[in-house]
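The values are calculated or read from the model by the stated rules, or taken from the named source; none is laboratory data. Because the structure is predicted, anything quoted here is derived from the model rather than measured. We place every Cβ from the backbone using ideal geometry, glycine too, and count neighbours over all the protein chains shown. With ligands, DNA and RNA removed, areas are computed over all heavy atoms of the protein, side chains included. Shrake-Rupley method; radii C 1.70, N 1.55, O 1.52, S 1.80 Å.
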Amino acid sequence: MSTVAELATALIWMVDADKRCTFVDAAWMAFTGRTLEAVLDDGWRETVHADDLPRCLEVVDAAFDRRQPFTVEYRLRRHDGEYRWLLGSGIPLLAPDGSWTGYVGSSVDITERRRAEESLRRKESELREAQRLAGIGSWQWDSRTNEVVWSDELYRIAGLDPRSPEAAAGNHPNLYPPEHWERIARCADEAMRFGTPYELDVELFSRGGRRWVTARGDAMRDEEGRITGLRGTVQDITARKRAEEMLSNHSQRLLEAQEAERARIARELHDDIGQRLVLLSMAL
């Protein structure tokens, strides 16, 4: 719908073989608030953002030299003074006898599209940073195509390059100890059959050494509610596991020390009482 709306408000223009503007339509004049006489020849340049004009001229010059179609994005000043992003497209214009006479083209306002794309890029960047800080990677698996998509953080946790064949779906069993992969496969199978979400702690063979991760998964469904794949997260909990192990070892050592102390006290009490009994026996 947005593309149709953009095309409906296209600004039409023409330039001759000497790169001079010879025509703009009423929509172009209404958009810029300038008359036809003001934009003819090189007058159109005054409405293009100063930072974008050199690139526009470079693209146009290259297209003219080859007499090929071109596209270029640039900012054009609207009648209210706001600069809007436009996508300009030009094609060679031929006379009835087949001779080349210049270019005819159109420009459409793509400002809202660019803003949406920028907002999406910003959100994706924020998501990557949040995943990095939390040590959480995300993934999706499409059962129809067997395609697996990992987030950047998941590749980092696994210590893999996105282009590495080890990241392919068929190689995932090699990333875990056999008994841990069996648990994952069993849970994934139940999720595919019944839509049951799962969460389990498993070991992962990372390039940086073994890591403990919390693997979570849930079913993806289409509009009709049919399960089409799985998606989930992998959280690096290695630091937590190590802290728990250190705490467990410390607790074990503490218990052992307590038992040793109890045994020592028991021995001392036993020896002291034994000595007293001997003395008492001798006295009697």
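Miscellaneous remarks
- Using a probe radius of 1.4 angstrom, the carbon and sulfur fraction of the accessible surface of the stretch 3-128 is 55%.
- In this simple spin-label approximation, residue 112 and residue 205 carry label points 7 Å from Cα along the Cα→Cβ vector, and these lie 5.3 nm apart.
- Relative contact order of the stretch 45-101: 29 percent, from C-alpha pairs under 8 Å at least 6 residues apart in sequence.
- Whole-Hz ³J(HN,Hα) from phi, Karplus 6.51 cos²θ - 1.76 cosθ + 1.60, for the stretch 205-210, glycine and proline x: 7, 9, 4, x, x, 5
- Normalised contact order of the stretch 1-129, rounded percent, pairs of Cα under 8 Å and 6 or more residues apart: 25
- Mean separation of Cα pairs under 8 Å and 6 or more residues apart, divided by the residue count, gives the stretch 47-193 a relative contact order of 11 percent.
- With all protein chains kept in place, the per residue accessible area of the stretch 1-100 amounts to 58 square angstrom at a probe of 1.4 angstrom.
- Approximating the spin labels as points 7 Å out from Cα along Cα→Cβ, the residue 94-to-residue 186 distance works out to 7.1 nm.
- Shape call, the stretch 4-91: gyration tensor on alpha carbons, a/c limit 1.5: rounded
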